[in-house]
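The values are calculated or read from the model by the stated rules, or taken from the named source; none is laboratory data. All values reported here derive from a predicted model rather than from experimental measurement. Using ideal geometry, Cβ is built from the backbone for each residue, glycine included, and neighbour counts are taken over all protein chains shown. Accessible surface is based on the protein model in full, side chains and every heavy atom, while ligands, DNA and RNA are left aside. Shrake-Rupley method; radii C 1.70, N 1.55, O 1.52, S 1.80 Å.
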Amino acid sequence: MAVRHYRLEFETAGPVHIGNGNRYGKKDYYASGNDIVVLDTRKFTSLLDARQIDRYCEFLGNGRDELQDFLQGNPDMRKLAEKSVAYKVDSPLAQAPGGSGHRHDVWEFVKDPYGNPYVPGSSVKGMLRTAILLNMLLDDRSYRALYDPVIEQSPRSIRRPDASIMKRAFFKERPSKDDPNIANDIMKYVSVADSEPLLTADLVFAKKYDLFSKDDLADHKRDMGRLTRREGNGLDVYRECLRPGTKVLVEITVDDRIDGYLDGITLDAQGISSVLQRAFDFYSESFLSHFNQLEESDSKASPVASDGLCQYVVQSGPLAGRRCRNQAIDGTGYCRTHQEYAGKQSASAEVVCYLGGGVDFMNKTVVSALFGTEDERLHAVSRILYKQFPSRIDRSRHEALWREVEQAGFQPRPFSARFKKNGRLAKAKDDHRHWQDEQLGVAPHTMKYCIVGNKKYPMGKCTLRIKEV
């Protein structure tokens with residue numbers, strides 16, 4: 001048995017979101033110039049007198065008002081808010097073209113007890129697990145027989161259609177010959193630490209944007225008389241993300257006993273790099289090639305990248321996972337105490353990967369790798385997605401659309417039109433158009449981007465270099 005230690009050095013090419021399940025509401029933050037200010041409510045309320053507390057409680061009970069408007073109407077409390085800043089995000093909240101200045105709920109990034117963002121090791125391990133499984137499926141087509149499409153399409157099913165695939169791929173270690181029903185997950189031999197703490201200065205608020213595929217003419221928008229840009233559609237979904245250009249360091253430990261279960265894959269630096277590269281190549285060929293990329297570069301590197309401190313990370317004890325805080329010397333990247341590690345660095349080639357939430361279906365699942373032809377893949381994935389996001393249509397208002405969905409082999413669901421208070425029609429359908437995926441040649445037919453300020457980036461995209469430590 002041998003244990004290998006590696007450092008994964010990520011750089012975010014697009015915003016990365018890893019949520020903690022909480023959201024900032026419109027009463028939790030406000031704009032100050034080009035900055036977004038997140039309020040420290042505990043500190044803020046501690047500064048208020050009795051009358052101000054009454055006004056603030058009345059504001060909180062009013063569902064209409066935003067913190068921005070409340071502070072503008074209460075200049076005395078605006079000054080106190082400026083003394084109660086949890087942190088600032090130096091990018092404006094993106095709005096729809098010609099849209100209002102209303103603020104929206106923002107899904108919060110995970111943070112440690114000290115309020116610093118970090119990347120959980122579980123998120124990185126999940127990404128690696130998916131890439132390893134995809135490689136297995138591409139090499140062994142016998143996994144295809146384990147896929148049960150009936151389960152995926154059943155509206156009442158709670159069992160994943162790939163459950164038997166996951167069990168065969170990873171639950172291989174049998175600790176007892178006397179009980180063959182007991183099997184351990186071989187990924188227990190891969191340990192991934194949480195990243196080093198990052199800074200709140202590394203965060204931005206990103207607006208969701210769906211990029212249409214090359215062959216999607218967006219007729220569904222023009223038919224409704226809505227203004228839309230040909231290439232995609234902005235949505236009022238906001239996430240707190242690591243900004244493009246942020247450097248993230250993660251330590252990974254691999255017990256070489258896992259290599260005996262991976263059918264030719266060796267999880268050393270080169271092997272991990274090759275697994276991720278092959279996953280990206282498959283993603284690029286079967287999905288990215290159907291889109292015109294809108295990628296822009298406007299990086300603001302994290303201070304971690306150029307802080308001049310030693311790169312050594314403590315491997316054990318109470319400080320395990322913490323980076324040495326001594327100054328690096330002579331451009332080696334290590335301090336005088338840890339110079340022995342400078343000569344041990346061996347880096348893999350740089351690879352592209354996608355990390356965190358809000359990324360494409362193809363980066364979170366491996367179902368597409370089960371199918372040998374594009375037609376099979378499109379047929380299966382479009383139906384998986386339709387089950388999750390079915391077309392809901394008010395048939396009395398969209399009879400032609402109802403028939404189109406049925407003719408494509410899908411069953412639309414009834415929807416009752418919704419109206420505004422003034423009596424105008426607000427919505428008469430909820431149609432993600434996955435019934436069109438096959439004719440558009442790609443499933444799903446949108447790619448997940450996001451907007452920061454006025455620039456668009458692919459969601460979750462990172463470059464990664466792996467170094468031995």
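Among S391, G423, L355, flag the residue with its Cα farthest along the positive direction of the charge dipole of the stretch 348-439, charges on Cβ as +1 for Lys/Arg and -1 for Asp/Glu.
Towards the positive end, the residue furthest out is G423.
Rounded to the nearest 20 Debye, what is the dipole magnitude of the stretch 26-95 about its Cα centre when Lys and Arg each give +1 and Asp and Glu each give -1 at the C-beta?
Numbers: 11 positive and 12 negative charges, 25 e Å.
Using Cβ point charges on Lys, Arg, Asp and Glu, the stretch 26-95 gives about 120 debye.
How many nm is it between the label spots at A201 and E404, if each spot is 7 Å from the Cα in line with the beta carbon?
Label-label distance for A201 and E404, simple model: 5.1 nm.
Tell me, in nm to one decimal, what length is gained between K455 and H379 on full extension, where the rule is 0.36 nm per residue of separation less the Cα-Cα distance?
24.0 nm
Given the protein chains as shown and a 1.4 Å probe, how many square angstrom of I265 are accessible, to the nearest 10?
Per-residue accessible area (I265): approximately 20 Å².
Just to be sure I understand the model, the point goes 7 Å from the Cα along the line to the Cβ. What's the resulting R174 to E468 distance in nm?
Computed distance between label sites R174 and E468 equals 3.5 nm.
Normalising by the residue count of the stretch 1-136, find the relative contact order in percent from Cα pairs under 8 Å and 6+ residues apart. Can you show the working numbers first?
Values: 115 pairs, mean separation 47.6, N = 136.
The normalised contact order for the stretch 1-136 reaches 35 percent.
Going from most exposed to least, what order do F109, F282 have by accessible area with a 1.4 Å probe?
Heavy-atom accessible area, descending, gives F282, F109.
Relative to the present Cα-Cα distance, how much length would full extension add between R413 and R397 at 0.36 nm per residue of separation?
4.4 nm
Under 5 Å between amide H atoms, partner at least 5 residues away or on a different chain: which partners does V85 have, H built in plane at 1.01 Å?
Close amide H contacts, sequence-distant or interchain: D40.
Using a 1.4 Å probe and ignoring any ligands, DNA or RNA, find the accessible area of L355 and quote it in Å² to the nearest 10.
Looks like 10 Å² after rounding.
Tell me, what is the 1.4 Å probe accessible area of H17, in Å² to the nearest 10?
Per-residue accessible area (H17): approximately 20 Å².
What net charge do the residues around W107 carry, taking every other residue with its C-beta under 9 Å from that of W107, with Lys and Arg at +1 and Asp and Glu at -1? Please report the intermediate quantities before stating the final value.
Details: positive: R23, R239; negative: D105, E108, E240.
Taking every Cβ under 9 Å from that of W107, the sum is -1.
Hey, if we sort T373, T337 by accessible area with the 1.4 Å probe, largest down, what's the order?
In descending accessible area the options line up as T337, T373.
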